[in-house]
Amino acid sequence: MLNKNPKNSPVWNDLLRVRHIYLKGRTMRVGNGKSTSFWHDKWCGLVSLADKFPELYQINVEQKCSVEEMKRKNWRPSFRRWLHEDLQNQYRRLLDIVFRYSLNSDKDYARWDWEKSGIFSVKSTYKHLCRHDYGLNFSRIWKAKLPLKIKIFMWLVIQNSILTKDNLGKRKWKGNKSCAFCSENESVQHLFFECSTTKYVWSLLAHSLGAVCRPNSLEQYWTWVQNILPQAPSMHTVSLAAVVWAIWRTRNNVCFNKKKMRSPTEIVCLICSFLAYWTGLFKEDLKEQVIQGAEVVKSTALFFHNQDMQARAHDDLQMVPFAG
């Protein structure tokens with residue numbers, strides 16, 4: 001019962017659906033060869049013989065035979081047609097591999113390659129399947145004191161998988177590709193770091209934290225924040241999430257709710273609101289520090305906003321025509 005069948009139990013059919021994953025993680029240690037598939041199991045190398053010699057496997061008439069059965073044939077597979085020169089060379093390489101092996105009276109047993117102990121575990125299987133999602137930046141996200149929704153969003157941002165307009169275009173979307181804050185084309189890199197609006201936001205944050213420069217990419221951010229906040233590594237990912245989430249929320253309001261953003265200061269205030277809200281996940285000694293830091297950033301942003309408004313009002317007065 002190695003094929004899905006309506007007569008099988010649903011559990012067994014589900015197991016058969018992921019059987020190929022199990023076979024990839026399993027290596028057979030051959031004793032008598034009775035429990036090891038000659039073609040399908042990994043028993044004489046890092047991959048199965050079917051994967052190593054796919055053309056020979058396709059024309060072989062004993063695809064389901066065991067190692068023990070093939071040994072009784074003196075390691076001589078049978079084929080449906082004559083082997084041309086290239087297949088003859090592959091066949092000789094196959095024989096060179098299998099002739100090195102001898103069988104004994106011990107039973108075959110399986111060793112799990114994805115676990116040091118050699119014993120199968122769901123955890124090791126999951127870790128192997130998600131191995132490309134592991135790494136320092138991904139670890140920072142999943143361990144950060146953030147709501148799960150925000151962690152998933154940040155994971156998508158790092159994967160360049162959120163639905164920015166350039167990514168929508170890859171899905172045949174025909175809408176306007178312009179950024180919600182400027183006339184440039186929207187992408188993850190542009191929206192969060194290169195847009196004039198978000199550059200202003202990062203500059204305000206940098207000034208508030210005493211930095212002399214702002215980050216220009218996600219990669220640069222980690223070095224930048226380590227230099228200006230080395231004493232608070234637990235806040236590095238949280239701070240980035242607050243900035244990115246506030247920009248994204250504001251962008252969506254502009255795109256979908258037709259809300260006009262009057263100043264980048266609105267984004268900075270939203271960043272501070274998220275930081276204050278998320279302090280419910282922090283330890284008490286850190287909670288007060290974050291709230292105070294958010295207030296400093298907010299006060300700095302409002303100060304520059306008021307200065308900007310006064311300058312604009314002054315310019316407007318200078319432009320009033322003389323009415324004497």
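The values are calculated or read from the model by the stated rules, or taken from the named source; none is laboratory data. Computed from a predicted structure; not experimentally measured. Positions of Cβ are generated from backbone atoms using ideal geometry, with glycine treated the same way; all protein chains shown enter the neighbour counts. Only protein heavy atoms, including side chains, enter the accessible area calculation; ligands, DNA and RNA are left aside. Shrake-Rupley method; radii C 1.70, N 1.55, O 1.52, S 1.80 Å.
Scanning the stretch 175-214 for residues that are at pLDDT 90 or above, among the β-branched types (Val, Ile, Thr) and either open to solvent by 30 Å² or more (accessible area, probe 1.4 Å) or more than 24 Å from Glu295 (Cα to Cα) (or both) turns up just one, Val188. Restrict the check to the stretch 228-237 and report whether at least one residue is of a type in the set (A, V, I, L, M, F, W, C), at pLDDT below 90 and part of a helix (DSSP H, G or I). Yes - at least one qualifying residue is present in the stretch 228-237.
If you go through the stretch 202-217 and pick out every residue that is in contact with a helix residue (DSSP H, G or I) (Cβ under 6 Å, 6 or more places away or on another chain) and not in a loop (DSSP other than H, G, I, E, B), you end up with 2.
Each row is one residue, and each column tells you yes or no for (1) open to solvent by less than 50 Å² (accessible area, probe 1.4 Å); (2) among the β-branched types (Val, Ile, Thr); (3) closer than 23 Å to Leu46 by Cα.
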position: Asp86; (1), (2), (3): no, no, yes
position: Tyr91; (1), (2), (3): yes, no, yes
position: Ser139; (1), (2), (3): yes, no, no
position: Trp142; (1), (2), (3): no, no, no
position: Ile152; (1), (2), (3): no, yes, no
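For the stretch 32-61, a residue qualifies if it is open to solvent by 40 Å² or more (accessible area, probe 1.4 Å) and of a type in the set (A, V, I, L, M), and the qualifying residues are Leu46, Val47, Val61.
Could you say which residue among Lys107, Lys123, Lys127, Lys116 is modelled with pLDDT of 95 or more and not aromatic (Phe, Trp, Tyr)?
Working: Lys123 fails: modelled with pLDDT of 95 or more; Lys127 fails: modelled with pLDDT of 95 or more; Lys116 fails: modelled with pLDDT of 95 or more.
Checking each option against the conditions leaves just Lys107.
For the stretch 215-227, residues that are free of Cβ contacts under 8 Å to residues at least 40 places away in the same chain and surrounded by fewer than 20 Cβ atoms within 10 Å (Cβ to Cβ) total 7. Within the stretch 180-201, the residues that satisfy the criterion of being part of a loop (DSSP other than H, G, I, E, B) and in contact (Cβ under 8 Å) with a residue 60 or more places away in the chain are Ala180, Phe181. For the stretch 284-299, the tally of residues that are in contact with a helix residue (DSSP H, G or I) (Cβ under 9 Å, 6 or more places away or on another chain) and either open to solvent by 30 Å² or more (accessible area, probe 1.4 Å) or without any contact (Cβ under 8 Å) to a residue 40 or more places away in the chain (or both) stands at 11.
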